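Below is one structure, written out as structure tokens; comments come after it.
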Amino acid sequence: MINNQYYEMILQFTLFSDFFMYAVFSRSKPAITLLARILTGKPDLVVKRWGMEVKKGLPFFRHVRYDLFVEDMEGNLYNFEIENGRRALGQRALFNLSVLVSHMLKPNEPFRALNESWVVFLTRKDFLKQNEPFYTYEWFNRKWKRILHTKAHIRFVNGEYRGDDELGKLMHDFHCTNPDDMFYDEIREAVSYFKKEPEGVNAMCEIMREFERKSKNEGRAQERQKAKKRTEAIMRNLREEGMSYEKIARITNQSLSKVKSFFKAKQTA
């Protein structure tokens, strides 16, 4: 059943809205292919497989969760991120690329077998404020003016760009709330399903309900954790004042066994 409140929100979503973007691209290979081709400038790119919110990493080290992970028919790997903010974009792009490259070679494979790797951040605002459609970074020797050919690319795409070309039209579509105003059929069809088709609208409403439930549960868990920390801080202060476990338990409304266990754990930590 369509929730009217959710539906009004859905009508205002663009592809910069996180879970709307996730829903749209998770079910449309044509839209994924179009996106990958335009953002990399590779018109012949053929998508072999893709995934949304893909987790990658190595044991004992920090993992990364890619908004969109793509592998083409030639074995090249791509990470596309949809960004509304500007926090640590350079560091994050480098880390995402490092993790991407680390998954390209199997044991004992020669380094020359490395394929291309791309990390592309599509940012809502102009990354460098230079009015360029995108900014590409390669490994470059400043003195000798030569590129180190690593087959690895980092690119920041300007979401504010509106040139009369493929990228400008794609950025226009990313900001559209009405699919009828979009240039690309692949994007229009994928977005229309969640904005106009009853089945798609219901699916989007359920995604929003689940997101709301998780947010509430996380909020409750955070409040419980804060309350626990406040109680523990009070218990430590009371103990430092020389108060007995029994009095601390009465004042903080905790069981005596819980109070004793807390201080025992602190002594052995």
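The values are calculated or read from the model by the stated rules, or taken from the named source; none is laboratory data. Keep in mind it's a predicted model, so treat the numbers as computed, not measured. No Cβ is skipped: glycine too gets one built from the backbone with ideal geometry, and neighbour counts run over all protein chains shown. Ligands, DNA and RNA are excluded from the accessible area calculation, which covers all protein heavy atoms including side chains. Shrake-Rupley method; radii C 1.70, N 1.55, O 1.52, S 1.80 Å.
Give the residue that is nearest to Q130 (Cα to Cα), with candidates limited to residues of region 149-207 that are free of Cβ contacts under 8 Å to residues at least 60 places away in the same chain and hydroxyl-bearing (S, T, Y). Restricting to residues being free of Cβ contacts under 8 Å to residues at least 60 places away in the same chain and hydroxyl-bearing (S, T, Y), the top hit is Y161.
When region 28-46 is filtered for residues that are of a type outside the set (S, T, Y) and either open to solvent by less than 20 Å² (accessible area, probe 1.4 Å) or in contact (Cβ under 8 Å) with a residue 40 or more places away in the chain (or both), the ones remaining, listed by number, are P30, A31, I32, L34, L35, A36, I38, L39, L45.
Might you let me know whether region 100-118 holds any residue that is without any contact (Cβ under 8 Å) to a residue 40 or more places away in the chain, open to solvent by 80 Å² or more (accessible area, probe 1.4 Å) and within 22 Å of K55 (Cβ to Cβ)? Yes - at least one qualifying residue is present in region 100-118.
For (1) over 29 Å from V24 (Cβ atoms); (2) among the β-branched types (V, I, T), each residue gets a yes or a no:
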| position | (1), (2) |
| --- | --- |
| W118 | no, no |
| R124 | no, no |
| T136 | no, yes |
| W139 | yes, no |
| L167 | no, no |
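If you go through region 58-70 one residue at a time, do you hit one that is without any contact (Cβ under 8 Å) to a residue 40 or more places away in the chain, among the hydrophobic types (A, V, I, L, M, F, W, C) and within 25 Å of G168 (Cβ to Cβ)? Within region 58-70, one or more residues are without any contact (Cβ under 8 Å) to a residue 40 or more places away in the chain, among the hydrophobic types (A, V, I, L, M, F, W, C) and within 25 Å of G168 (Cβ to Cβ). Scanning region 47-63 for residues that are open to solvent by 20 Å² or more (accessible area, probe 1.4 Å) and in a strand (DSSP E or B) yields K48, R49, W50, M52, E53, V54, K55, K56. Taking region 21-33, which residues are over 21 Å from G75 (Cβ atoms) and part of a helix (DSSP H, G or I)? M21, Y22, A23, V24, F25, S26, P30, A31 - these are the residues of region 21-33 that are over 21 Å from G75 (Cβ atoms) and part of a helix (DSSP H, G or I). Contact map, region 14-27: first residue of a type outside the set (V, I, T), second residue in a loop (DSSP other than H, G, I, E, B) and open to solvent by 10 Å² or more (accessible area, probe 1.4 Å), Cβ cut-off under 7 Å, separation 6 or more or different chains; pairs are F16/N84; F16/R124; F20/F13.
Pairs linking a residue in region 217-242 that is under 20 Å from S261 (Cβ atoms) to a residue that is open to solvent by less than 100 Å² (accessible area, probe 1.4 Å) and at pLDDT 75 or above, with Cβ atoms under 6 Å and 6 or more positions apart or on different chains, are T231/T252; I234/T252; M235/I248; M235/T252; L238/I248.
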